[in-house]
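Participant: This is the structure I want to talk about, given as structure tokens.
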Amino acid sequence: MFMALRTILTIAWLLSTGGDPLFNLLPADGCPPGWQRHGQERLFTGAALYQHINGGAELYHQFGFDRLVVQDYAGDAHEARVEIYKMNDPAGAAAVFVEITKGMTRQAVYGTTCVLDDYQILFLRQAYCVSVSTYESQPETLAALAALATKIDTALIDLGR
């Protein structure tokens, strides 16, 4: 009942404001140079998260999922995906991050902590868990992931001020 009411209120708020502020965290075309948004940004709230990550949505809901924005990017023949998960509070975001990065080496390159590998950058900042990923491990694609992650992290820092 609460989730349904919250979803209805979120949709009403979106319609009244013309869009979700999470969209403002997504890098614009040209970040990195030569890369463009590919397709429409997507917003998932409440139970709609199961449409995006059916097998993993329960974890996010367990720790206070608020909403998710997803945007694909493309440059030449390369592609990347950005997912920004907004949780209800920083503690919930931290709990999700610990779960999804179990056994991985954490670093301090992006956000307050991050995990880097040849296909993704996962990072945590405030009440946000961010994933920037690709299906290929090429130098130009990894550079694009880094540029996208840097832009999002800067936007989150600015949001917190």
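Participant: Among the residues in region 123-136, are any in a helix (DSSP H, G or I), of a type in the set (S, T, N, Q) and buried (at least 17 other Cβ atoms within 10 Å of the Cβ)? Break it down into steps so the answer makes sense when it comes.
Facilitator: Start the filter on region 123-136 by keeping residues that are in a helix (DSSP H, G or I), which leaves none.
No: zero hits.
Participant: While we're looking at this one, here's another question. State whether one or more residues within region 81-94 are hydrophobic (A, V, I, L, M, F, W, C) and touching a Gly at 6+ places or on another chain (Cβ under 7 Å).
Facilitator: Within region 81-94, one or more residues are hydrophobic (A, V, I, L, M, F, W, C) and touching a Gly at 6+ places or on another chain (Cβ under 7 Å).
Participant: Residues 39, 30: which one is in a strand (DSSP E or B), at pLDDT 95 or above, over 22 Å from residue 127 (Cβ atoms) and out of contact with any helix residue (DSSP H, G or I) (no Cβ under 6 Å at 6 or more places or on another chain)?
Facilitator: Numbers: 30 fails: in a strand (DSSP E or B).
Being in a strand (DSSP E or B), at pLDDT 95 or above, over 22 Å from residue 127 (Cβ atoms) and out of contact with any helix residue (DSSP H, G or I) (no Cβ under 6 Å at 6 or more places or on another chain) holds for just one of 39, 30, which is 39.
Participant: Something else about it: Please determine, by comparing only the residues of region 81-119 that are part of a loop (DSSP other than H, G, I, E, B) and among the aromatic types (Phe, Trp, Tyr), which one is farthest from residue 144 (Cα to Cα). So that I can check it myself, show each step before the final result.
Facilitator: Filtering region 81-119 for residues part of a loop (DSSP other than H, G, I, E, B) gives 88-89, 101-106, 108-112, 117-119.
Pick out the ones that are also among the aromatic types (Phe, Trp, Tyr) and you get 110, 119.
Values: 110: 14, 119: 11 Å.
In this case the residue turns out to be 110.
Results for (1) within 16 Å of residue 65 (Cα to Cα); (2) free of Cβ contacts under 8 Å to residues at least 24 places away in the same chain, shown as yes or no for each residue.
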{"residue": "102", "(1), (2)": "no, yes"}
{"residue": "105", "(1), (2)": "no, yes"}
{"residue": "108", "(1), (2)": "no, yes"}
{"residue": "111", "(1), (2)": "no, no"}
{"residue": "115", "(1), (2)": "no, yes"}
{"residue": "119", "(1), (2)": "no, yes"}
{"residue": "124", "(1), (2)": "yes, no"}
{"residue": "128", "(1), (2)": "yes, no"}
{"residue": "135", "(1), (2)": "no, no"}
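Participant: Take residue 97 and tell me if it is at pLDDT 95 or above, surrounded by 17 or more Cβ atoms within 10 Å (Cβ to Cβ) and under 27 Å from residue 157 (Cβ atoms). Steps first, answer last, please.
Facilitator: Numbers: at pLDDT 95 or above: yes; surrounded by 17 or more Cβ atoms within 10 Å (Cβ to Cβ): yes; under 27 Å from residue 157 (Cβ atoms): yes.
Against the criterion (at pLDDT 95 or above, surrounded by 17 or more Cβ atoms within 10 Å (Cβ to Cβ) and under 27 Å from residue 157 (Cβ atoms)), residue 97 qualifies.
Participant: Continuing with this model, one more query. Would you be able to say whether some residue in region 111-120 is modelled with pLDDT of 95 or more, among the hydrophobic types (A, V, I, L, M, F, W, C) and over 26 Å from residue 29 (Cβ atoms)?
Facilitator: Looking for residues that are modelled with pLDDT of 95 or more, among the hydrophobic types (A, V, I, L, M, F, W, C) and over 26 Å from residue 29 (Cβ atoms), one finds at least one in region 111-120, hence yes.
The values are calculated or read from the model by the stated rules, or taken from the named source; none is laboratory data. Keep in mind it's a predicted model, so treat the numbers as computed, not measured. Cβ: placed from backbone, ideal geometry, glycine included. Neighbour counts: every protein chain shown.
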